[in-house]
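Asker: First the structure, which I've put down as structure tokens, then a few questions once you've had a look.
The values are calculated or read from the model by the stated rules, or taken from the named source; none is laboratory data. Keep in mind the model is a prediction, meaning the values are calculated, not measured. Backbone-built Cβ (ideal geometry, glycine too); neighbour counts: all protein chains shown. The area values use the complete protein model at the heavy-atom level, side chains included, leaving out ligands, DNA and RNA. Shrake-Rupley method; radii C 1.70, N 1.55, O 1.52, S 1.80 Å.
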Amino acid sequence: KEIYGEIDQYEVASKEQLEQFRLRFISRKGVVTELFDGLKQVAADDRRAVGQALNGLKNRAQERFDEFARQIDDQPAGTDGAPIDLTLPTVPNLNGTQHPLSLVRQRIIQIFERIGFNVADGPEIESDWYNFGALNFPDNHPARDMQDTFFVEKDGQQSDMLLRTHTSNVQIRLMERQRANGSSAPFRPIRSIMPGRVYRNETISARAHCMFHQVEGIYIDRNVGFKDLKDTLYHFVKEMFEPGTQIRFRPSYFPFTEPSAEIDISCQICGGKGCNICKHSGWVEIAGSGMVDPQVIANCGIDPEEYTGFAFGMGIERITQLKYVVNDLRLYTENDVRFLRQFEGL
Ligand code: PHE
């Protein structure tokens with residue numbers, strides 16, 4: 001009876017313990033064999049009954065052994081052969097999230113694609129002509145200065161290649177391509193946006209970075225006027241920002257547009273009441289824009305008497321700052337998961 005009790009309470013969790021069970025109850029040197037050996041001393045009349053009881057015990061031990069052996073075979077084992085405890089909590093599974101700049105870029109593309117703009121691309125390492133010359137920057141324009149522009153050196157000499165300071169180079173390339181087949185080919189209107197990285201030689205701080213992202217847009221066709229520029233950007237602001245956001249055009253200057261305007265919206269952070277972001281003016285600038293200067297259109301081989309157009313450009317970091325209240329530009333490139341995780345599911 002004692003041995004029955006022992007067998008029933010026995011638990012086996014590993015191959016070693018199974019072997020111990022076998023040695024104790026089943027092997028020739030085990031307790032059950034030992035009890036069988038004692039059978040000789042039992043009185044002849046009782047021997048049959050005791051023998052039956054011992055057979056029952058032997059079968060019980062074998063049953064338990066088979067049961068344990070099956071359990072251990074079914075148990076998942078790690079690479080070291082040790083059993084794995086499936087009841088332990090799992091290591092948390094961290095899924096990646098979309099970067100806020102990607103989210104905003106995709107939203108900007110979506111808004112403009114729905115009103116007929118396509119997406120164009122161009123080189124980040126660009127010649128002086130596409131980044132400056134074709135855009136009417138005079139030779140001595142301060143933006144060409146080493147202060148702002150990263151020039152590419154070749155054989156220790158400054159070359160005329162540089163890291164583009166804006167995505168306007170793609171506007172030039174698009175317009176040029178229109179006339180690449182000769183001026184007799186039919187003119188296909190250009191209505192494109194060009195998202196991409198741009199570079200300026202600035203010290204990295206909360207408010208400036210040497211690399212950031214822009215989306216510029218251009219629309220060239222017959223009879224494109226300033227009202228089309230206004231319509232397009234009003235629509236963009238309405239789609240991108242909170243309902244009720246105010247927009248204003250402020251006269252400005254760019255070498256490649258005439259007239260030019262900067263676009264402000266009512267501050268998204270304080271709702272126009274005044275805060276540090278809008279320097280208590282209630283307005284924040286989001287884009288530059290203007291009618292493409294006829295000289296720039298002519299520089300690309302298109303007749304500015306027949307074709308006109310507008311262009312605009314904005315920084316994706318700025319739009320993201322206003323949309324998600326990101327007040328330090330460095331956060332975008334530091335890959336701190338505490339920052340990035342906040343954009344999960346957006
Ligand atoms: N290229 C200008 C910039 O880098 C933005 C701009 C684009 C202004 C198109 C007017 C028209 O800031």
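Asker: Kindly indicate whether any position in the range 99-107 is assigned to a strand (DSSP E or B) and of a type in the set (A, V, I, L, M, F, W, C).
Answerer: no
Asker: While we're on this one: With Asn118, Asn181, Asn223, Asn201 as the choices, which residue is among the polar types (S, T, N, Q) and at pLDDT below 90?
Answerer: After ruling out the rest, the residue left standing is Asn181.
Asker: Continuing with the same structure: Under the condition of being open to solvent by 80 Å² or more (accessible area, probe 1.4 Å) and at pLDDT 85 or above, which residue from the range 82-104 is farthest from Ser14 (Cα to Cα)?
Answerer: Restricting to residues being open to solvent by 80 Å² or more (accessible area, probe 1.4 Å) and at pLDDT 85 or above, the top hit is Gln98.
Asker: Within the range 235-309, which strands (runs of 3 or more DSSP E) (wholly inside it) include 1 or more residues that are touching a residue at least 40 places away in the same chain (Cβ under 8 Å) and more than 30 Å from Arg188 (Cα to Cα)? It would help to see each step written out before you state the result.
Answerer: Working: elements: 247-254, 257-266, 283-292.
In the range 235-309, the matching strands (runs of 3 or more DSSP E) lie at 257-266.
Asker: In addition: Can you pull out every residue in the range 1-60 that is more than 60 Å from the chain's Cα centre (by Cα), assigned to a helix (DSSP H, G or I) and touching a residue at least 24 places away in the same chain (Cβ under 8 Å)?
Answerer: Ile3, Tyr4, Phe25, Val31, Val32, Leu35, Leu57, Lys58, Arg60
Asker: Then there is this: Mind telling me which of the residues Asn136, Asn140 ends up being more than 22 Å from Tyr219 (Cβ to Cβ) and either open to solvent by less than 60 Å² (accessible area, probe 1.4 Å) or without any contact (Cβ under 8 Å) to a residue 24 or more places away in the chain (or both)? Let's see the steps before the verdict.
Answerer: Numbers: Asn136 fails: more than 22 Å from Tyr219 (Cβ to Cβ).
That would be Asn140, the only listed residue that is more than 22 Å from Tyr219 (Cβ to Cβ) and either open to solvent by less than 60 Å² (accessible area, probe 1.4 Å) or without any contact (Cβ under 8 Å) to a residue 24 or more places away in the chain (or both).
Asker: Right, here's the next one. Limited to the range 204-230, what total is found for residues that are acidic (Asp, Glu) and either more than 16 Å from the ligand (Cβ to nearest atom) or part of a loop (DSSP other than H, G, I, E, B) (or both)? It would help to see each step written out before you state the result.
Answerer: At the first step, the residues of the range 204-230 found to be acidic (Asp, Glu) are 216, 221, 228.
Remaining after also requiring either more than 16 Å from the ligand (Cβ to nearest atom) or part of a loop (DSSP other than H, G, I, E, B) (or both): 221.
Number of matching residues: 1.
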